[in-house]
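What follows is a set of notes on a single structure, which appears directly below.
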Amino acid sequence: MKKTLLLSLFSVVFLQWSCTDQCTETRRYKRFTPVTVSLAEMRQSVRTETARDLISPGKIYTKGNYLLINELKEGLHVVDNSNPSAPKMVSFIKIPGNGDMAIRGNILYADSYADLVAFDISNPLDVREVGREKEVFLNGQFDGAWWSLNKSTGAINDQRVDIVTESVKVNCEDGNNGIWGGRAVFDMAFQNSASSGSSANPAAQGQAGSMARFALYDKYLYTVGQNDMQLFDISVPQKPAFSSKINLGWGIETIFPYRDKLFIGSTTGMFIYDNKNPEKPEQLSVFQHAMSCDPVAVTDNRAYVTLRSGTQCNRGLNQLDVVDITDLRAPRLLKSYPMQNPHGLGVDYPNVYVCEGIHGLKTLNVANDFDVKQLQHLTGMDAYDVIPLSNKTLLMIGKDGLYQFDISNPSNLRQLSKIPVKRVAI
């Protein structure tokens with residue numbers, strides 16, 4: 001009897017051990033591999049190529065019948081969007097280290113790691129470099145990977161980011177602590193503007209999303225980095241020239257120009273600048289909030305600010321703030337609304353479209369500041385940023401591709417088209 005009991009206990013222990021040994025778990029994480037890019041190689045690589053698939057889309061920008069989609073660190077997809085139901089990829093502008101863009105007239109401004117480059121885009125099939133301001137950006141970040149300029153060696157120190165999926169044996173009773181083998185488990189959501197009406201001649205330029213770091217006003221291009229805003233004189237469009245730099249502090253993320261004001265999002269708050277003198281923007285106020293990733297969109301006397309947690313803001317809040325900016329020197333929080341993981345947003349008053357990352361896209365009616373109502377929640381997509389257009393079309397970019405919706409009925413968005421991302425096996 002004792003022998004039988006001991007054997008039974010041994011069998012149970014063995015089975016539990018075996019279960020522990022045999023359990024597997026699929027884990028995804030970012031793998032960062034150091035790479036070095038010489039400035040000479042970077043500058044010689046710029047060219048127009050045939051259209052290619054979307055692989056790792058970033059920001060979007062639209063002007064006229066054309067749409068630009070950033071391919072992170074690679075360049076820009078040029079899309080003929082004259083028919084939103086059937087967009088056509090027409091070419092690819094190879095720009096090493098590209099993440100942002102802005103267009104005025106037929107001149108495209110884009111970053112290429114440390115350089116600001118001007119392109120003539122009169123012919124989308126043959127985009128030509130016409131000007132370059134060298135080594136004006138010292139560092140930056142792409143998808144969680146930092147790069148920096150090493151002036152002594154004349155090279156860019158960067159990191160290649162691979163998303164690795166592995167099946168590993170784990171203890172059956174172990175939970176997911178978010179760390180494995182010293183590497184953080186990767187959330188497939190983005191880590192980290194709506195029409196702005198910002199220019200003295202808005203018809204001459206395009207529209208960016210709320211995640212933009214480039215903005216145009218008068219004869220200046222404004223770019224924001226991690227802790228500053230740089231001004232470039234573009235009075236001669238083909239020859240952007242550095243003008244000045246304004247220190248903004250730490251954690252600067254986005255810039256949203258609206259009329260003669262600049263609204264700058266950071267991880268700690270929203271900066272408001274008076275831009276009546278475009279050469280010397282004047283800070284009016286700062287609307288402070290808890291540590292969170294933070295884009296902003298504005299219409300009339302309201303600012304809508306999304307706060308989210310993420311890799312850089314892992315203790316952040318997930319909410320939408322409605323801010324009264326009637327007095328630009330004293331912005332006032334009216335009410336906060338809980339969200340899941342909000343990213344970019346766009347305003348087509350009385351509606352606001354909020355990207356919720358892996359949780360999809362939400363349509364909110366904001367006619368009543370104190371009773372914002374959700375009209376629709378689209379899931380099954382990974383939403384990053386949006387641009388509502390005057391023709392009642394909504395552009396939305398996400399991890400899985402570019403979507404276009406008919407928003408004539410805000411309670412029932414109708415998908416017009418999708419340019420999908422091509423999945424690449426690692």
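The values are calculated or read from the model by the stated rules, or taken from the named source; none is laboratory data. Since we're looking at a predicted model, the values are computed, not measured. Cβ placement follows ideal geometry from the backbone for every residue including glycine, while neighbour counts extend to all protein chains displayed. Remember, those area values only see protein heavy atoms, side chains included, never the ligands or the DNA or RNA. Shrake-Rupley method; radii C 1.70, N 1.55, O 1.52, S 1.80 Å.
Cα to Cα, under 25 Å, and not fewer than 8 places away if on the same chain: which lysines meet these conditions relative to Lys335?
Lys261, Lys362, Lys373
On average, how much area does the Cα convex hull of the stretch 29-72 cover when viewed from any direction, in nm²?
On the way: hull surface 20.0 nm².
Taking the Cα atoms of the stretch 29-72, their convex hull projects to 5.0 nm² on average.
Could you give the alpha-carbon Rg of the stretch 362-409 over 2.2 N^0.38 Å, rounded to two decimals? Show your work: numbers first, answer last.
On the way: Rg = 11.8 Å, N = 48, 2.2 N^0.38 = 9.6 Å.
The stretch 362-409 yields a ratio of 1.24.
Out of the stretch 324-353, which trypsin sites (Lys or Arg not before Pro) are coil in DSSP terms and have no more than 13 other C-beta atoms within 10 Å? List each step's numbers first, then the result.
On the way: sites: Arg329, Arg332, Lys335; in loops: Arg329.
For trypsin sites (Lys or Arg not before Pro) across the stretch 324-353 that sit outside H, G, I, E and B with at most 13 neighbouring Cβ atoms in 10 Å, the list reads Arg329.
What number, in percent, do you get for the relative contact order of the stretch 281-417 if the mean sequence gap of Cα pairs under 8 Å and at least 6 apart is divided by its residue count? Let's see the in-between values first.
On the way: 344 pairs, mean separation 19.6, N = 137.
Result for the stretch 281-417 is 14 percent.
What's the FRET efficiency of Asn391 with Lys88 using the Cβ-Cβ distance as r and R₀ = 30 Å, to the nearest 0.05? Walk me through the numbers before you get to the answer.
Details: r = 18 Å, r/R0 = 0.60.
Efficiency, from the Cβ-Cβ distance: 0.95.
How high is the relative contact order of the stretch 247-292, in percent, counting Cα pairs under 8 Å that sit 6 or more residues apart? Present the calculation step by step, with values, prior to reporting the outcome.
Numbers: 80 pairs, mean separation 12.9, N = 46.
Result for the stretch 247-292 is 28 percent.
So what is the relative contact order for the stretch 320-377, in percent, with contacts set as C-alpha pairs under 8 Å and at least six apart?
Numbers: 101 pairs, mean separation 13.3, N = 58.
Over the stretch 320-377, the number comes to 23 percent.
Give me the distance in nm between label points sitting 7 Å out from Cα along the Cα-to-Cβ direction at Asn365 and Leu333, one decimal.
2.7 nm
Based on the Cβ-Cβ distance from Ser152 to Ser122, what FRET efficiency comes out when R0 is 30 Å, to the nearest 0.05? Before the final figure, lay out each step's value.
On the way: r = 39 Å, r/R0 = 1.30.
It comes to 0.15.
What FRET efficiency would be calculated for the residue pair Asp228, Glu279, taking the C-beta separation as r and a Förster radius of 25 Å, to the nearest 0.05?
0.95
Could you sort Glu253, Glu41, Glu356 by their accessible area in this structure, using a 1.4 Å probe and putting the largest first?
On the way: Glu253 25, Glu41 95, Glu356 0 Å².
The ordering from most to least exposed comes out as Glu41, Glu253, Glu356.
Can I get the semi-axes of the stretch 24-107's equivalent ellipsoid? Compute them from the C-alpha gyration tensor as square roots of 5 times the eigenvalues, in angstrom, largest first. Could you put the intermediate results ahead of the total?
Details: eigenvalues 139, 81, 24 Å².
Three semi-axes, in Å: 26, 20, 11.
In square nanometres, what is one fourth of the surface area of the convex hull spanned by the alpha carbons of the stretch 327-426? Mind showing how you got there, number by number?
On the way: hull surface 32.0 nm².
With every direction weighted equally, the projected area is 8.0 nm².
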